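Some notes on the structure that comes next.
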Amino acid sequence: MRIIIVGCGKVGQTLVEQLSKENHELVVIDVNPHKFEQVEDSDAMCIAGNGNSYQTLLEAGVKKAHLLIAVTGSDEQNLLCCLIARKTGKCQTIARVRNPVYSKEVEFLKKEFGLAMIINPEWAAADEMARIFQFPSAIKIDRFAHGMVELLHFRITADSPLNGQQVIDVRNKYNQNVLICSVTREDQVTIPGGDFIFRENDTVSVVARRYDAMDFFRKLGLMTGRVRNVLIAGGGKISYYLTASLLKAGIHTTIIEMDKNRCEYLAEMLPQATIIYGDATDEKLLDQEGVEHAEGFAALTGLDEENILLALYTKAVSKAKIITKINRIGFSSVIGNLDLDCVINPRIIMADSIVRYVRASRNSDDSDVENLYKLEEGKAEAVEFIVKENSPVTDVPLHELKIRKNTLIASIVRDGKIIIPSGQDKIQVNDSVIVVLAGYSISDLKGILEQ
């Protein structure tokens, strides 16, 4: 696909990196040509200019483009850019819209501006954080089949009942309706066989319905109930969206913010929350606000370094579920060694949602990409397909299919019923099929078969 990205800031740079891996023809527009230095390793064509300019869009080839993504720092400019692109060419458009003022007008804006998607990295990050605080034993939760099926990621500790056990024993001992999908060990992602042995510090993903997952985690001695209170460091947009979601779930939330005007705004917009005017990096203030007794803590200041220090301090003095926001994509190996429990990167979440849309746009005749989540920095994927027509993968027992290595059919959803598949099960038309794979990517369900 030919894709135009308007805005080469941190978000635009992340999109270039992610979409380059998908082998698309990319064109990047920005008013500041110095920003192109950050994407010079890609094959993207760079154009210095205003993305709202008709002439600039023509130069970028908007009339032949399949998709335009507007991610400048201005919501209004992004919307205008998409509108001009729709009027000039026939491409689909995606706009980044971050202001909470527009959060209740998303469907109206999509319709009136003819947008394929509106993306809000802060809202998406807050949504993922809220899910984790409501199931704190997980470090990441991905949803499929309209929330009926979840892929839950958790880490094995030294005292975990799974430490030293084989995969083949887990389902029989703990829950037949939970399927082990992948294991990450020292940056390597494996689709494990039955003889795979779990070790301390492995990150494991399982697919299950929520109540089966709760039963599984309970048997492992892990907490399954939601946290009752959350302390948030920093009062930015993510904090606003997260607090609104937590309050709706009945979770008491406190925000510490050092900008007085922002505190007043948050107090007005979130009257049920507790807003503290102060510096969240002040150890005495944290202790005064009860960090030791917090069940949930989110480090959401504007600085990665502050967030890391806050997370490490909270981990040392409390048993809270801790979420750390990291904006930088580099140094992932160093950050991984810090044992921060749960790390959220809003730009990666947003980029994944766009890759999901782009992959879905390549739909084949027999299957559609419904959902896609990249795992462990893209080393593996979990993809949900909707089966539209008969193909080489339908009406054949799974054990007879020549499925590629590092591939697992994790779940089949049929007529509202969730099937954790065995070798005798078959994929049928209209099924929703969830596939976990490592080392390659696909946009068609047939892609799981050996070539």
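Computed from backbone phi with θ = phi - 60° and the Karplus coefficients 6.51, -1.76 and 1.60, the 3J(HN,Hα) list for the range 261-277 is 4, 5, 4, 5, 5, 5, 5, 6, 7, 10, x, 7, 8, 9, 10, 10, 8 Hz; x is used for glycine and proline. Could you work out Rg/(2.2 N^0.38 Å) for the range 285-426, with Rg from alpha carbons only? My calculation over the Cα atoms of the range 285-426 gives 1.45. For Val62, no residue 5 or more places off, or on another chain, has a built amide H under 5 Å of its own. Each principal axis of the Cα cloud of the range 148-286 was evaluated for its coordinate range; sorted largest first, these ranges are 58, 30, 22 Å. Each peptide in 289-295, 401-407 gets a packing score, the mean of other Cβ atoms within 10 Å over its residues, and the list from highest to lowest is 289-295, 401-407.
When the alpha carbon gyration tensor of the chain is reduced to an equivalent ellipsoid, the three semi-axes, largest first, read 34, 33, 19 Å. Among Val71, Val317, the order of accessible area from largest down is Val317, Val71, computed with a 1.4 Å probe on protein heavy atoms.
When peptides 370-376, 414-420 are ranked by their average number of other Cβ atoms within 10 Å per residue, the highest-first order is 370-376, 414-420. Using equal-weight Cα scatterers in the Debye expression, the normalised intensity of the range 145-229 in log10 at q = 0.10, 0.16, 0.21 Å⁻¹ is -0.23, -0.60, -1.03. Listed by chain and number, the lysines whose alpha-carbon sits under 20 Å from that of Lys260, ignoring those within fewer than 8 places in the same chain, are Lys237, Lys284.
Which entries in Lys219/Lys325; Lys111/Lys446; Lys64/Lys110; Lys104/Lys446 show an alpha-carbon gap greater than 27 Å? Beyond 27 Å between Cα atoms: Lys219/Lys325; Lys111/Lys446; Lys104/Lys446.
Can you give the relative contact order of the range 233-373 as a percent, counting alpha carbon pairs under 8 Å and 6+ residues apart? List each step's numbers first, then the result.
On the way: 187 pairs, mean separation 23.4, N = 141.
Relative contact order here is 17 percent.
The mean sequence distance of close C-alpha pairs (under 8 Å, at least 6 residues apart), as a share of the length of the range 182-246, puts its relative contact order at 20 percent. From zero up to wherever the largest Cα-Cα distance of the range 276-317 sits, split into 5 Å bins and tell me the percent of pairs in each. The distribution over the range 276-317 is 5, 24, 37, 26, 7, given as percents. Normalised by the number of residues in the range 202-289, the mean separation of alpha-carbon contacts (under 8 Å, six or more apart) gives a relative contact order of 22 percent.
All other residues whose Cβ lies under 15 angstrom from that of Leu79 are scored, Lys and Arg at +1 and Asp and Glu at -1, for a net of +1.
Taken one residue at a time, the phi angles of the range 80-92 give Karplus couplings (6.51, -1.76, 1.60, θ = phi - 60°) of 5, 4, 5, 5, 5, 4, 5, 6, 8, x, 10, 6, 6 Hz. Gly and Pro are set to x.
In units of the rule-of-thumb radius 2.2 N^0.38 Å, the range 226-296 shows an alpha carbon radius of gyration of 1.01.
Positive end of the dipole of the chain (Cβ unit charges, origin at the Cα centre): among Val230, Ala380, Ser443, the Cα lying farthest that way belongs to Ser443. Listed by chain and number, the aspartates and glutamates whose C-alpha is less than 15 Å from the C-alpha of Lys374, apart from same-chain residues fewer than 8 away, are Glu17, Glu22, Glu128, Asp142, Glu150, Asp187, Asp352, Glu384.
Looking at the range 199-260, the trypsin sites (Lys or Arg not before Pro) that sit in a DSSP loop and have at most 13 other Cβ atoms within 10 Å of their own Cβ are Arg228.
Computed from phi, the 3J(HN,Hα) profile of the range 398-410 under the Karplus parametrisation 6.51, -1.76, 1.60 (θ = phi - 60°) reads 4, 5, 8, 6, 8, 8, 4, 5, 6, 9, 9, 7, 8 Hz, with x in place of Gly and Pro. Peptides 105-111, 26-32, 338-344 ordered by packing proxy, namely the average of other Cβ atoms within 10 Å per residue, highest first: 26-32, 338-344, 105-111.
The values are calculated or read from the model by the stated rules, or taken from the named source; none is laboratory data. Note that the structure is a prediction, hence the values are computed from the model and not measured. Note that each Cβ is placed from the backbone with ideal geometry, even for glycine, and that neighbours are counted across all protein chains shown. Accessible surface areas use protein heavy atoms only, side chains included; no ligands, DNA or RNA. Shrake-Rupley method; radii C 1.70, N 1.55, O 1.52, S 1.80 Å.
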